[in-house]
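One structure follows; several queries about it will come next.
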Amino acid sequence: MFPRKRVVAACLVLAFLGLSGLYAYAASITPRDLRIADIGGEDIGLPVRVTGHVHRVWTTEGGSVGLVLMDYEDLATIRVVARARAVADPASVVPGAVVAVVGEVFGTGGFVQLFADEGGAITVVAPASTNLVTLEFVARNAVRLEGHRVLVRGVLADARTVIDSRHALLEADGASLWAYNTDGWKAGRANVTGRLLETSRGRCELFSAPEPEPFPVTMPELAACPGTLVGMPVRVANVTVSPGELLGSTLTLRAAGDGAEFRLPAFIRQWDWQSAARPLAVGDVLVVEGVVDYQVTEARWRLLADAPPRT
């Protein structure tokens, strides 16, 4: 009987060791839920699951996807490298969206990063359109949020339309063309000389300047932007000049916090606040969706938006 007991005991030990091994293996392949700030060098080679706001996103030359995730609570960030198949909904993985990422921790250049390889390893928890933050939060952390898409609620303190006076619309014979003059324009009828050029935005414009022997052309000929006229000195006669091109509107939002008043400008491209379906008034509570942007020309932070605010 004694040898049999030893055999049974040995079997129990082997079974225990096997279960321990399976447990250790399962633990090694089961992602742990961690905050971004808690991921460190001791986690290299292990799978983890993190949740954060998409701060930046890009595609590499090899077709992989790069992300920078941010935790709003402590502004900790981590870089994620992912196979294209790992992104469950690529159209929704944009700055401002909250995503969950399952990936393996690896180290490079003294920093820890995540590598997501499995299909669907990156999923959207909340779309960018729900990323509502306080104006105070953006004002205090703008330098860290640059390039980040956010929704901000604030009280309208000021509104103004931004017009580029160096541009004017020239019209005649049913055709029109934008023209540029560094000294600005006067409204009315005029003869205009200059050179037809294509701008960096891909738009044909007449750059107005004195020309000694300009070639006479009609407005329909200029508006067609033919290659034969590009760069040539030309003159178009008796056109209607409408000065000013709408660039957009600047809204100043304010919000109180910590006994101080925080203000943040928001620039909405190609929108005139005075033409809103519901007229805006100082004191209105607005929600603006835009990208946190540093305006170098005025040395200030702002929101850069493409759509009008919501009330």
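No value in this document is a laboratory result; all are computed from the given coordinates. Since this is a predicted model, take the numbers as computed values, not measurements. Using ideal geometry, Cβ is built from the backbone for each residue, glycine included, and neighbour counts are taken over all protein chains shown.
Order by neighbour count: ILE122, ILE78, fewest other Cβ atoms within 10 Å first, most last.
Fewest-to-most Cβ neighbours within 10 Å comes out as ILE78, ILE122.
At a Förster distance of 30 Å, what's the computed FRET efficiency of ARG140 paired with THR108, Cβ-Cβ distance as r, to 0.05?
Calculated transfer efficiency: 0.45.
Would you mind calculating the gained length between TRP58 and VAL296 on full extension (0.36 nm times residue separation, minus the Cα-Cα distance), in nm to one decimal?
Difference between extended and current length: 83.3 nm.
Still on this structure, I have one more. Return an integer: the convex hull volume of the alpha-carbon atoms of the stretch 194-311, in Å³ per residue.
166
How many angstrom separate the Cα center of the stretch 254-311 from the Cα center of the stretch 83-139?
Taking the Cα centre of the stretch 83-139 as reference, the centre of the stretch 254-311 is 27 Å away.
Another question about this same structure. For the stretch 127-194, what proportion of DSSP beta bridges, expressed in % and rounded to the nearest 5, is antiparallel?
Bridges in the stretch 127-194 that DSSP calls antiparallel: roughly 65 percent.
For the chain, what is the mean residue ellipticity at 222 nm derived from helices alone (per DSSP H run of n ≥ 4: -39500 (n - 2.57); sum divided by total residues; nearest 500 deg cm²/dmol)?
Roughly -4500 deg cm²/dmol at 222 nm, from the helical runs in the chain.
Something else: Taking the number of other C-beta atoms within 10 Å as the exposure measure, put VAL81, VAL48, VAL282 in order starting with the fewest.
Lowest to highest Cβ neighbour count: VAL282, VAL81, VAL48.
Binning at 5 angstrom from zero up to the longest distance, how are the C-alpha pair distances of the stretch 164-245 distributed in percent?
Pair shares across the bins are 3, 17, 31, 29, 17, 4.
Specify the angular offset, from 0 to 90 degrees and rounded to the nearest 10, of the alpha carbon long axis of helix 2-29 from the longest principal axis of the alpha carbons in the chain.
10
Here is a further query. Helix 135-145 sits at what angle to the longest principal axis of the chain, using alpha carbons and giving 0 to 90 degrees rounded to 10?
80
Using 1/(1 + (r/R0)^6) with R0 = 25 angstrom and r between the beta carbons of SER242 and ARG310, what's the FRET efficiency to the nearest 0.05?
So, using R0 = 25 Å, E works out to roughly 0.20.
Suppose we look only past 30 Å in the calculated P(r) of the chain. What percent of the Cα-Cα pairs does that tail hold?
For the chain, the fraction of Cα-Cα distances above 30 Å is 58 percent.
How high is the FRET efficiency from THR77 to ASP284, r the C-beta distance, R0 41 Å, rounded to 0.05?
Working from the Cβ atoms, E equals 0.75.
Let me ask another. Mind ordering 300-309, 111-120 by average Cβ neighbours within 10 Å, highest first?
Most protected by this proxy first, the peptides run 300-309, 111-120.
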